[in-house]
Structure formats: structure tokens, C-alpha cells
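To start, the structure under review is shown below, and the notes come after it.
The values are calculated or read from the model by the stated rules, or taken from the named source; none is laboratory data. Just so you know, these numbers come straight off a predicted model, no measurement behind them. Positions of Cβ are generated from backbone atoms using ideal geometry, with glycine treated the same way; all protein chains shown enter the neighbour counts.
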Amino acid sequence: MDHAEPLVIVPASPPAFQVASGSSLVLADCPTGEDADEVAPLHVHHNDDEAWHVVSGALRFRFSDRELIAEAGSTVLVPAGVPHTFGNAGRGPSRFIIVLPSRLDELIGKLGHVDPSEHPALYRQYDSELLE
């Protein structure tokens with residue numbers, strides 16, 4: 001059995017979006033701007049977990065029943081089936097590492113290439129659902 005070489009994300013200066021992809025798992029190093037924002041409407045992935053490690057700054061997570069601010073050094077795991085969205089907390093730029101299955105990375109990649117009216121159907125194709 002062949003073994004692939006390990007992939008390493010090293011800090012970039014200035015911070016830059018970087019991705020390391022395996023056969024079933026993706027790590028992305030993501031810088032944000034200074035503004036508070038959300039990356040997507042509230043949504044749920046029915047069979048996929050996601051995790052974020054906040055390297056610097058802070059992220060705001062919104063769930064169906066509460067909000068959470070994750071400061072630098074925090075790691076947040078959102079299990080499959082938990083409605084969520086996230087974004088920069090807005091206290092200046094942030095940087096985070098997101099860990100997600102390849103299937104969700106593929107969904108995210110396709111969202112920017114279709115009209116927003118097609119997003120609900122695209123989410124469903126990836127066993128996910130927009131909730132707002």
C-alpha cells in the first residue's frame with residue numbers, strides 16, 4: 001500500500017488562504033477581514049461534522065438557540081445534525097483552521113459558481129439543508 005506524504009500548513013505572512021486536502025479530509029487555513037460577518041445562512045449538515053480552531057482573533061458561532069464567541073486558542077466541533085453558521089466576531093481580523101470532510105469542501109467550492117437561488121438544491125445534494 002502506497003502512503004502519501006503528509007501535508008503541512010505553515011503560517012503565511014501576510015496571512016493567506018491555504019488548503020491541505022487528503023482523500024477524505026480537508027484542512028484550510030483561513031484569514032478573515034475585520035468586519036463581523038457570517039459565511040452562510042443558518043444551515044445543517046445531516047451526516048458530516050466540522051471543526052474550527054481559532055488561531056487569532058475571534059469567531060462568532062450562531063446556532064438555532066444561542067450564540068458563542070470562540071476566542072483565539074479555542075476549538076469548536078459542530079457535530080452532524082447541529083444547525084449552525086459562523087463568521088468573524090468583528091473585533092479585527094481573525095485566522096482559523098477549519099477541518100471538514102472532502103464532501104463539504106466540494107459543496108463550498110460549488111456554492112460560489114451557482115446562482116444563490118440554486119443554493120437550497122445544492123445543499124440537499126450534499127445531505128445538508130439551508131434553514132433560513
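Scan region 103-112 and tell me whether some residue there is surrounded by 15 or more Cβ atoms within 10 Å (Cβ to Cβ), among the small types (Gly, Ala, Ser) and within 16 Å of the chain's Cα centre (by Cα). There is no residue in region 103-112 that is surrounded by 15 or more Cβ atoms within 10 Å (Cβ to Cβ), among the small types (Gly, Ala, Ser) and within 16 Å of the chain's Cα centre (by Cα). Being β-branched (Val, Ile, Thr), under 24 Å from Pro6 (Cβ atoms) and surrounded by 15 or more Cβ atoms within 10 Å (Cβ to Cβ), is that true of even one residue in region 51-58? Taking every residue of region 51-58 in turn, at least one turns out to be β-branched (Val, Ile, Thr), under 24 Å from Pro6 (Cβ atoms) and surrounded by 15 or more Cβ atoms within 10 Å (Cβ to Cβ).
Which residue out of Leu68, Leu107, Leu100 is at pLDDT 90 or above and in contact with a Ser or Thr (Cβ under 8 Å, 6 or more places away or on another chain)? Before you say what the answer is, go through the steps one by one.
Details: Leu68 fails: in contact with a Ser or Thr (Cβ under 8 Å, 6 or more places away or on another chain); Leu100 fails: in contact with a Ser or Thr (Cβ under 8 Å, 6 or more places away or on another chain).
Unique residue meeting the criteria: Leu107.
Here Pro14 meets each of (1) outside any strand (DSSP E or B); (2) farther than 28 Å from Gln125 by Cα; (3) at pLDDT 95 or above; (4) not β-branched (Val, Ile, Thr) with one exception, condition (3). Considering only residues that are of a type outside the set (A, V, I, L, M) and over 15 Å from Leu42 (Cβ atoms), which ones fall in region 117-128? If the condition is that a residue be of a type outside the set (A, V, I, L, M) and over 15 Å from Leu42 (Cβ atoms), then Ser117, Glu118, Arg124, Gln125, Tyr126, Asp127 are the ones that fit. Inside region 75-92, residues that are loosely packed, with under 15 Cβ neighbours inside 10 Å and within 22 Å of Ala16 (Cβ to Cβ) make up a count of 3. Selection of region 18-49 for residues being exposed (fewer than 11 other Cβ atoms within 10 Å of the Cβ) and either at pLDDT below 85 or within 18 Å of Pro79 (Cβ to Cβ) (or both) yields only Ser24.
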